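Readers should treat all values here as calculations from the given coordinates under stated rules, not as data from a laboratory. On a predicted model such as this, the values are computed, not experimentally measured, just so you know. With ideal geometry, Cβ positions are generated from the backbone for all residues, glycine too; neighbour counts draw on all protein chains shown.
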Amino acid sequence: MALSVAMAAQRHGYLASGQWPDVAVALLLEGNEDPEIAELAGLNGQSTGWDTAPLVAAVCERLGVSSPGAGESADLVARLMADELRARPASVTAPMIRLLARLAPLDFESDLANRCYGAAEYLDCGCARVDSDLEAESRLLPTLSLPASVVQVLAWPLRSTLPTVQPPLGH
C-alpha cells in the first residue's frame, strides 16, 4: 500500500525523485527488507528519476503494485493527509480543504478535491461561509493503515504547503 500511496503522491507532484530515499528508509525501519528498497534508501536527496525510477519499477513489479489511476491517486493522497492530520493536527482552519484543493487542478476527476478547491478560496475572506461538513467529511476518510513513520515521510511535502499560523481574514 505504501508504494501505491507514494506513486500517487508523485503523480500529483508531491513526491520528488530525491524524496524516494526517505520513503525507502521509512519502509526499511518498518521491516521491509527488499533489496531495491535498501538500494533506494542508500541514495541521497539529490537523486534523479534516472536513479530512482528503475528501482521503484523493480520493487513494484516484484510486489505486483501497479501505478494508481487519476481518481485512485487523489483518493490515496486524500486518505494520506487525513491520516497525517489525525496524528498531527494543524493550527489553521479547514486544513483538509486547503490540502485537497491543491489536488483539483491536476485531478478534475475527484469530486472531493473539486469541492475543496471551490471552498478554499473563501476560507480566509470572511465573505462566505464554508460548509463545515466538507472538512468533516474529508477528515473521516478511511485510514490507509500505514505505519506513522511512512505517513509522515509521504505527507510532509504536501503538509509543508499549509500555513503555520491562521491567515488573517480579508481579500
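Where does the chain land at 222 nm, in deg cm²/dmol rounded to the nearest 500, when only DSSP H runs of n ≥ 4 count, each adding -39500 (n - 2.57), divided by all residues?
Mean residue ellipticity, 222 nm, calculated: -17000 deg cm²/dmol.
List the chymotrypsin sites (Phe, Trp or Tyr not before Pro) within the range 68-165 that DSSP assigns to loop and that have no more than 15 neighbouring Cβ atoms inside 10 Å.
When the chymotrypsin sites (Phe, Trp or Tyr not before Pro) of the range 68-165 are filtered for loop state and at most 15 Cβ neighbours within 10 Å, 108, 122 remain.
For the range 25-171, with only Lys/Arg (+1) and Asp/Glu (-1) charged at the beta-carbon, what is the dipole magnitude about the Cα centre, in debye rounded to 20?
So the dipole magnitude of the range 25-171 works out to roughly 520 debye.
Along the positive direction of the dipole of the range 70-159 (beta-carbon charges: Lys, Arg +1; Asp, Glu -1; about the Cα centre), which of 152, 113, 80 reaches farthest?
In the range 70-159, that residue is 152.
Might you report the magnitude of the Cβ-based charge dipole of the range 83-166 about its Cα centre, with Lys and Arg at +1 and Asp and Glu at -1, to the nearest 20 debye?
320
Can you give the FRET efficiency to the nearest 0.05 for residue 122 and residue 160, using r as the Cβ-Cβ distance and R₀ = 22 Å?
0.45
May I ask for the angle, rounded to the nearest 10°, between helix 148-159 and the longest principal axis of the chain, with both axes built from Cα atoms and the value confined to 0 to 90°?
Value to nearest ten degrees: 50.
Can you work out the PRE-style zone for residue 92? Point 7 Å along Cα to Cβ, and I want the residues of the range 149-168 with backbone N under 11 Å.
Once the point is set 7 Å along Cα→Cβ of residue 92, 159-168 turn out to lie under 11 Å by backbone N, inside the range 149-168.
For a footprinting-style exposure proxy, rank 66, 110, 149 by other Cβ within 10 Å, fewest first.
Ascending Cβ contact count within 10 Å gives the list 66, 149, 110.
Between 58, 90, 8, whose Cα lies farthest towards the positive end of the dipole of the chain when Lys and Arg beta carbons carry +1 and Asp and Glu beta carbons carry -1, centred on the Cα centre?
90
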